[in-house]
Amino acid sequence: MGAGIASNEVRWECVGSREELEQDGRVVGDARGWSVVVVQIDDEVHALENRCSHATAALDSGVLQGCELICPLHGARFDVRDGSCVGPPATRPVRSFPARLNGNDVEVELPEKPALTKPKFGVFN
Ligand code: FES
């Protein structure tokens, strides 16, 4: 690999606007191979991979209750501050990323998403 940014280096990426976050209560964006959902709680913004760890439903249409984002498909709950699973049927966390407001931009610090690997016997959880 020559000079330049290594593919595994994390960097801040804009995934939406502050207006969108304020208007919709969340921002959904794609960058570096990831789909992410960003929510704001008080003065802090939090980013999760937009993919439930149970059966891969998109989390962005889920209800936000306090710090918990509820999967719209089967109701698993995830703490948006760290992605931890706090309610079944999921048992694994979802990936979380650092997030910030930078002027009008909603930014998430992301690595390049690794290439897909073969699933282990089709087990999601
Ligand atoms: S896909 Fe999210 S709880 Fe089943």
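So is R18 under 10 Å from the mean Cα position of the chain (by Cα) and either open to solvent by 20 Å² or more (accessible area, probe 1.4 Å) or charged (D, E, K, R) (or both) or not?
no
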The listed residue being within 13 Å of the chain's Cα centre (by Cα), at pLDDT below 95 and more than 24 Å from V63 (Cβ to Cβ), out of K118, K113: K113
Flag for L64 being more than 27 Å from A115 (Cβ to Cβ), at pLDDT 95 or above, open to solvent by less than 60 Å² (accessible area, probe 1.4 Å) and in a strand (DSSP E or B): yes
Given (1) of a type outside the set (A, V, I, L, M); (2) modelled with pLDDT under 95; (3) over 27 Å from E9 (Cα atoms), number of the condition P88 does not satisfy: (2)
Flag for V37 being within 16 Å of the ligand (Cβ to nearest atom), open to solvent by 50 Å² or more (accessible area, probe 1.4 Å), in a strand (DSSP E or B) and in contact with a strand residue (DSSP E or B) (Cβ under 9 Å, 6 or more places away or on another chain): no
When residues of region 41-64 are limited to those that are polar (S, T, N, Q) and out of contact with any strand residue (DSSP E or B) (no Cβ under 8 Å at 6 or more places or on another chain), the one nearest to the ligand (Cβ to nearest atom): T56
Qualifying position, being in contact (Cβ under 8 Å) with a residue 60 or more places away in the chain, away from the ligand (no atom under 16 Å from the Cβ), part of a loop (DSSP other than H, G, I, E, B) and out of contact with any His (no Cβ under 6 Å at 6 or more places or on another chain), among E112, E20, E13, E107: E112
Checklist (1) modelled with pLDDT of 95 or more; (2) more than 16 Å from the ligand (Cβ to nearest atom) applied to C71, failing item: (2)
Residue list for region 87-104, filter: surrounded by 16 or more Cβ atoms within 10 Å (Cβ to Cβ) and assigned to a strand (DSSP E or B): S96, F97, A99, L101
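The values are calculated or read from the model by the stated rules, or taken from the named source; none is laboratory data. What you see is a predicted model, and the numbers here were worked out from it, not measured in a lab. For neighbour counting, all protein chains shown are included, and Cβ atoms are generated from backbone atoms with ideal geometry for every residue, glycine included. To get the accessible areas, we keep the full protein, side chains included, count just its heavy atoms, and leave off ligands, DNA and RNA. Shrake-Rupley method; radii C 1.70, N 1.55, O 1.52, S 1.80 Å.
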